[in-house]
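The values are calculated or read from the model by the stated rules, or taken from the named source; none is laboratory data. The shown structure was predicted, so the numbers you read here are calculated from the model rather than taken from an experiment. FYI the Cβ positions are ideal-geometry reconstructions off the backbone, even for glycines, and counts take in every protein chain you see. These area figures cover heavy atoms from the full protein model, side chains too; ligands, DNA and RNA do not enter into them. Shrake-Rupley method; radii C 1.70, N 1.55, O 1.52, S 1.80 Å.
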Amino acid sequence: MMATFRTFAEVLTPDDPFLKRGQEKGFTAGFVLADVLRQTGGAYQTTAPMSEKFRVCIRAVARLTSDDELLRIADLPEVPVPLGNCRQLDPQTHFVMVCRLDVSPAETPRWRRIRPAGVSPWPRGEPRILDMCQGARIEERVILPDGFSMLRMGPAANVPA
C-alpha cells in the first residue's frame, strides 16, 4: 500500500467543539453549505487551500516514496474538495474541509533503508512522525473561509478515521 492523499467535507455536529468555540468568540466556525453552493454556482465541489507546512509534509513523503502524483499535489496551493456527501443536508449545515495524507506502516521501512544511519529524512525542524515506523496520518482541516486551518498528525493507528 502506498501513501494516499484525499480530500473531503466533514460535517460539524451542533455539539462540535469548533462550533461551540466559534460561537463563544462571536464567529461562525466552518463553512455553511448554502454559502459554498452560492459561490460554486450550485456545484457540490469546492477548493481548499493547503498551508505551506502541510505541503512540506506531502513533499517529504512524495520524495521518500518516489510518488510523482504526491509531488504534483505538494506544488498545488489549493485542491478540489468534493461535497457529494452534503447533497441531502440542510443548507445551513456547517462543515470543515479536510485534506488527509495517510502513510501505511509498510512504507516506513523504505525510509529507514534510505537513511540507515538513523538520520531523519525530514527537513530540519519538520515533524518526525514517520520515524516511528507505525505509518502516519497527516491531516489539515480548513476551518474558516479566510483559510485558517489546523494541522494534525500522528501514528496511523492513533488518529481517528
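Restricting 47, 7 to those that are within 14 Å of residue 99 (Cα to Cα), surrounded by 19 or more Cβ atoms within 10 Å (Cβ to Cβ) and either more than 21 Å from the chain's Cα centre (by Cα) or modelled with pLDDT of 90 or more (or both) reduces the list to 7. Of all the criteria given as (1) in contact with a Gly (Cβ under 6 Å, 6 or more places away or on another chain); (2) at pLDDT 95 or above; (3) not hydrophobic (A, V, I, L, M, F, W, C), the one not satisfied by residue 82 is (1).
Answer yes if at least one residue in the stretch 51-60 is under 21 Å from residue 151 (Cα atoms), open to solvent by 60 Å² or more (accessible area, probe 1.4 Å) and touching a strand residue (DSSP E or B) at 6+ places or on another chain (Cβ under 7 Å), and no otherwise. Looking for residues that are under 21 Å from residue 151 (Cα atoms), open to solvent by 60 Å² or more (accessible area, probe 1.4 Å) and touching a strand residue (DSSP E or B) at 6+ places or on another chain (Cβ under 7 Å), one finds at least one in the stretch 51-60, hence yes. Taking the criterion of being of a type in the set (Val, Ile, Thr), over 13 Å from residue 93 (Cβ atoms) and outside any helix (DSSP H, G or I), the residues of the stretch 18-56 that qualify are 40, 46, 47.
Selection of first residues in the stretch 57-77 that are in a loop (DSSP other than H, G, I, E, B) and of second residues that are of a type in the set (Val, Ile, Thr), restricted to Cβ pairs under 8 Å at least 6 apart or on distinct chains, gives the following pairs, ordered by first then second residue: 67/61.
Entry remark, the stretch 76-89: residues being open to solvent by 60 Å² or more (accessible area, probe 1.4 Å) and either touching a helix residue (DSSP H, G or I) at 6+ places or on another chain (Cβ under 7 Å) or closer than 11 Å to residue 51 by Cα (or both) number 3 in total. Residue pairs whose Cβ atoms lie under 7 Å apart, sitting 6 or more positions apart in sequence or on different chains, and linking a residue in the stretch 1-22 that is more than 25 Å from residue 58 (Cα to Cα) to a partner that is in a strand (DSSP E or B), are 12/94; 12/95; 12/96; 18/96; 19/94. Which condition number in (1) at pLDDT 90 or above; (2) touching a helix residue (DSSP H, G or I) at 6+ places or on another chain (Cβ under 8 Å); (3) open to solvent by less than 80 Å² (accessible area, probe 1.4 Å) is the one that residue 138 fails? Answer for residue 138: the failing condition is (1). The residues in the stretch 23-44 that are open to solvent by less than 60 Å² (accessible area, probe 1.4 Å), touching a residue at least 60 places away in the same chain (Cβ under 8 Å) and of a type in the set (Val, Ile, Thr) can be counted, and the count is 1.
Residue-wise test of (1) hydrophobic (A, V, I, L, M, F, W, C); (2) in contact with a helix residue (DSSP H, G or I) (Cβ under 7 Å, 6 or more places away or on another chain).
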{"position": "23", "(1), (2)": "no, no"}
{"position": "45", "(1), (2)": "no, no"}
{"position": "57", "(1), (2)": "yes, no"}
{"position": "70", "(1), (2)": "yes, yes"}
{"position": "93", "(1), (2)": "no, yes"}
